[in-house]
Amino acid sequence: MMSQPAQITLSQWHDRYAQLRQNGLSERFYGGPLSRHANHGDTRLHHLRFDNSAAALALWNLLLTENDRLHQLRSQGKKLIGAMKDLGTVPVLAGAFTDLATFYPDGAWWTPCLMEQNEGLFELASQLGLDDTLCPVRAMAAAFVNAEHFPVPDLSICSAGAVCDDFSAIAQRLVQLGFPVRWWEIPRRRRPSANETPVTLPGDLVAPASQVAFVRAELGRVMTILEQTAGAPVDPQALHDSISRANRFRRLLHELRTSVYTADPCPLGALEMLVAEMLALHYCSDYDEAVFVIEGLLAEVRTRIQNRTGLLAPDAARVFWVNPAADLQAMNLLEQSGGRLCGTEFLFSHALDPIAEDLDPLEALARTALADPMVGPAFDRAQRICRDAVRFAAEGVVIARIGGASHCAFDMQCIAVHVGATLALPVIEIEIPTLCDSADPSIRTRLEALVENIKQRRHT
Amino acid sequence: MTNVYYTSAFVPPELIAACGLTPHRLAPAANADADSRREGVCSFAAAWLAALERKQASGEFFLSVFSSACDQMRRSFDLPAAHDPDRTFLLNIPATTTEHAFAYYKQELNRLAEFLCGVSGQSPDWTRIPRCTEPQYASDSARIQIAVTGESTPHSILTALRSAAARFDASVLDLTENTVVPETVTDLSLSADPFDRLALAYFELPAIWKRPNEYFYQNLARNAHDHRVSGVIVLRHSFCDLWRTAKPEITRQLALPVLELDLDGGSTLSQWALSRLEAFMETVQ
């Protein structure tokens, strides 16, 4: 009987699922065997190794049923808002309206991975003028056009200004293809000069009051757009409640990350941690279920820590991971190479930090939006990586390059240099394609070399 | 007078001159520097950084103004700013076109003026501004007009294009960002609010990176129509995402043949680019 923590394949999940059911597994409305997702096209699941807990099952079922649930929400009369690029702020605003459901079409960047490019999104994107020199988020535009994945939102709201060029170009192409997009500006964050009033942002960042005021006004414009879409003015208490809900989720996720990244042996794998962290952006379109899932993961992790059980060898190299991997399998590769995840910076650390609840909501959300790591200098991001790497006792850093992503060209220069100089940790940069099968040997080799380096350094 | 180097059409040279400094807009070509060929780094941004490094190495005291118009330039600012924050400035140019964004752009120009005057030690004097450079359009005497659009482009590239086009009795109309200038900002000193007038003139310039960018395509179409253009060449710097997606909309709005040519940051066109250009010219003829 499999009751010890383990990482198992999709085919092994068949027996494991039966076992859990026999033991009284109670599932949510989107529950069921993982294999059904693979049967419906998510064939990458055949190549992944999953945590064998009921909590992990719920996590994967929540993730892989999102498109179906979005269609259900529409059929229930909800208006769908496609938030784009800001990663964590607009859904909190929209959460104040009961008739709006918000999701990030950006998430379609993983669809070609999950479906192993059998769905044709990249080919369609190329036909639309979005070739493979752009990052995999170009799949989003194709998904809008063929409408075979997420339901086309009633309205898209996209940040502009200090954003990635490829995303900006892709979103503008959507407008040309007939999909309306409303834009709001996020300026490039800078430090205040001596004669400017400083404002502290989440994540120990600082910006001039004038920039915060500008973003606050921009979010006010977004709020007006949401009110027009919802057909009703925002209830101020509802907005406060939306922020409180966001913070509740962020606290749970914070505890999960801290528990997992500091425990030994590792109680939860890198793949599940990546997916769990992504829930912070828009709760996978169901706040209550996202909380249920994260609480379940936390309970499982607490049990494993108490029982001193885990998934990986106690001497696994502690690795801090920068940037989300285009191929989910890369997280398995890290562990198969002898590493374990001890810290992450997935481009949206501002969606992990608490939103101030003692400020006017728009002021609080403006400060959060300006704290976006991609909006400011790469050195700010590097400093946060250093702080978190120390907090989680990381021994090395992996920077995952995303093919075509404009920010990646500069990541290594700024982040690697800063991390190397500040912490004297080994840093490697690896390009992770959407399907890393052909690059598997070289990726493994580089990860294994990093792990060896880390282990050798332990003895010096 | 101290030189101020910049690349973006949205950095007003009039403001630099009014602050007592000498503006120089650069469209540098990369030399054969291995660093500039780093994977993913836009060749124009790399050439710009390399040009600044050469000036630094020569001992020249200068200021540099970066723009936030694209990800690559915005991020490349981080590198020199880390070493020389007092001589490097990033002008945050809004991508959106609302009144609110205009107010922010004016704030940024004010901030730039403070930075410049802090070095020159002078207050803005609007009688010092240079003559506004009018766009240099090609003559209409050639049999065929070909429009060239794209980011700021080294003049050596445009010269190579003109030379190649001339063999087909075609002239090249420069509609790149080289020629994006306000219609008129002369006589600012006579304006009741020269700063406001300057800011508005620059804010309203068309750009592919504006959101939305419909005005860019409308302006391109109008110029193409006015000059009876028969084809369009889109010059793209390597790893430039913003221009990578321009062709479908240019084709749709202008209903003309469109050729995309990739520039690798060098000072001239590659043989491959010249071959493609010749094939395109034969199509257009």
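Solvent-free Debye calculation, one equal scatterer per alpha-carbon of the stretch B:78-129: log10 I(q)/I(0) at 0.13, 0.16 Å⁻¹ equals -0.42, -0.61. The distance between label points at A:ALA209 and A:GLN12 comes to 5.9 nm (points 7 Å beyond Cα on the Cα→Cβ vector). If you line up the long axis of helix B:155-166 against the longest principal axis of chain B, both from Cα atoms, how many degrees apart are they, to the nearest 10? Long axis of B:155-166 versus the principal axis of chain B: about 20 degrees. Expressed per residue, the C-alpha convex hull volume of the stretch A:109-211 stands at 134 Å³.
With +1 on the Cβ of every Lys and Arg and -1 on the Cβ of every Asp and Glu, and nothing else charged, how large is the dipole of the stretch A:4-127 about its Cα centre, in debye rounded to the nearest 20? Let's see the in-between values first.
Details: 11 positive and 12 negative charges, 63 e Å.
Roughly 300 debye for the stretch A:4-127.
Each of A:ASP360, A:ASP388, B:ASP241 was scored by other Cβ atoms within 10 Å of its Cβ. Arranged with the fewest first, they read A:ASP360, A:ASP388, B:ASP241. The angle between the Cα long axis of helix B:194-203 and the longest principal axis of the Cα atoms of chain B comes to about 30 degrees, rounded to the nearest 10.
Highest mean first, the peptides A:307-316, B:12-21, A:228-237 sorted by other C-beta atoms within 10 Å per residue fall in the order B:12-21, A:307-316, A:228-237.
Would you give the gap between the C-alpha center of the stretch B:98-124 and the C-alpha center of the stretch B:193-260, rounded to a whole Å? Result: 26 Å between the Cα centres. Of all the Cα-Cα pairs you can form in the stretch B:156-285, what percent are over 25 Å apart? More than 25 Å apart: 34 percent of the Cα pairs in the stretch B:156-285.
Could you give the Stokes-Einstein D for the stretch A:156-243 in µm² per second, using the C-alpha Kirkwood radius, 37 °C, 0.692 mPa s?
216
Looking only at other chains, what is the average number of their beta-carbon atoms within 10 angstrom of each beta-carbon in B:67-79? Can you show the working numbers first?
Values: counts 0, 5, 2, 3, 14, 5, 1, 10, 12, 3, 3, 9, 6.
Taking the mean over all residues of the peptide, I get 6.
For the stretch A:414-460, the alpha carbon convex hull comes to 70 Å³ per residue, rounded to a whole number. Placing pseudo-labels 7 Å out from each Cα toward the beta carbon at A:PHE29 and A:GLN336 gives an inter-label distance of 3.8 nm.
Contact order for chain A, expressed relative to its length and based on alpha carbon pairs under 8 Å spaced 6+ residues apart, stands at 17 percent.
Normalised by 2.2 N^0.38 Å, where N is the number of residues, the alpha-carbon radius of gyration of the stretch A:263-422 equals 1.09. Short to long, the 10 Å bins of the Cα pair-distance histogram for the stretch A:1-94 hold 14, 39, 27, 17, 2 percent of all pairs.
Rounded to a whole number, what is D in µm²/s for the stretch B:1-98 from Stokes-Einstein with the Kirkwood radius over alpha-carbon pairs (10 °C, 1.306 mPa s)?
On the way: Rh = 14.0 Å.
Result for D is 114 µm²/s.
Once the convex hull of all Cα atoms in the stretch B:224-285 is built, its volume per residue stands at 94 Å³.
Among A:366-375, B:169-178, sorting by the average number of other beta carbon atoms lying within 10 angstrom of each residue, highest first, gives A:366-375, B:169-178.
The residue list A:ILE454, A:PRO198, A:ALA54 was ranked by how far each Cα lies along the charge dipole of chain A toward its positive end, using unit charges on Cβ atoms, and A:ILE454 comes out on top. Here the calculated FRET efficiency for A:ARG248 and B:ALA255, from their Cβ-Cβ distance with R0 = 56 Å, stands at 0.55, rounded to the nearest 0.05.
Distance distribution note for the stretch A:352-421: the fraction of Cα pairs above 17 angstrom is 53%. Placing +1 on the Cβ of every Lys and Arg and -1 on the Cβ of every Asp and Glu, with no other charges, gives the stretch A:296-363 a dipole of roughly 660 debye about its Cα centre. The stretch A:85-128 has equivalent-ellipsoid semi-axes of 29, 10, 10 Å, by the square roots of 5 times the alpha carbon gyration tensor eigenvalues, sorted largest first.
Helix-only estimate, please: 222 nm mean residue ellipticity of chain B, summing -39500 (n - 2.57) across DSSP H runs of length 4 or more and dividing by its residues, to the nearest 500. Could the numbers behind the result be given before it?
Numbers: 11 runs with 116 residues, N = 285.
Per the formula, -12000 deg cm²/dmol.
Each of A:VAL175, B:SER270, A:VAL275 was placed along the dipole of the protein assembly as shown (beta-carbon charges, centred on the mean Cα), and the one lying farthest toward the positive end is A:VAL275.
One quarter of the convex hull surface built on the alpha carbon atoms of the stretch A:343-460 amounts to 8.8 nm², the projected area averaged over directions. Axis angle, to the nearest 10 degrees, between helix B:271-284 and the longest C-alpha principal axis of chain B: 60 degrees. Taking every alpha-carbon pair in chain B and binning the separations at 10 Å intervals from zero gives 6, 28, 34, 23, 8, 0 percent.
Starting from a Cα-only point model with no solvent, please compute log10 I(q)/I(0) by Debye for the stretch A:349-389 at q = 0.17, 0.19, 0.26 1/Å. Results for the stretch A:349-389 at q = 0.17, 0.19, 0.26 Å⁻¹ read -0.49, -0.58, -0.88.
Can you list, largest first and rounded to whole Å, the semi-axes you get for the stretch B:48-117 by taking the square root of 5 times each eigenvalue of its Cα gyration tensor? Display every interim value, and only then the final one.
Numbers: eigenvalues 126, 40, 13 Å².
Largest first, the stretch B:48-117 gives 25, 14, 8 Å.
Sorting B:PHE168, A:PHE320 by the number of Cβ atoms found within 10 Å of their own Cβ, with the fewest placed first, yields B:PHE168, A:PHE320.
Going by how many other beta carbons lie within 10 Å of each one, how would you line up A:TRP321, B:TRP272, fewest first?
Least to most surrounded, the residues fall as B:TRP272, A:TRP321.
More than 53 angstrom separation, counting every C-alpha pair in the protein assembly as shown; what % is that? Write out the running numbers ahead of the final one.
Numbers: 33033 of 277140 pairs.
In whole percent, the long-distance tail amounts to 12.
Think of the protein assembly as shown as a dipole: +1 on every Lys or Arg Cβ, -1 on every Asp or Glu Cβ, centred on the Cα centre; then among A:SER75, A:ALA232, A:ALA38, A:ALA38 lies furthest on the positive end. The distance between label points at A:THR258 and B:GLU99 comes to 4.7 nm (points 7 Å beyond Cα on the Cα→Cβ vector). Compactness check for the stretch A:218-305: Cα Rg over 2.2 N^0.38 Å is 1.36. In a reduced charge model with +1 at each Lys and Arg Cβ and -1 at each Asp and Glu Cβ, the stretch A:67-184 shows a dipole moment near 500 debye about its Cα centre.
Laboratory data are not the source of any read-out in this text; all were calculated from the coordinates shown. If you're wondering where the values come from, they're calculated on a predicted model, not measured in any experiment. No Cβ is skipped: glycine too gets one built from the backbone with ideal geometry, and neighbour counts run over all protein chains shown.
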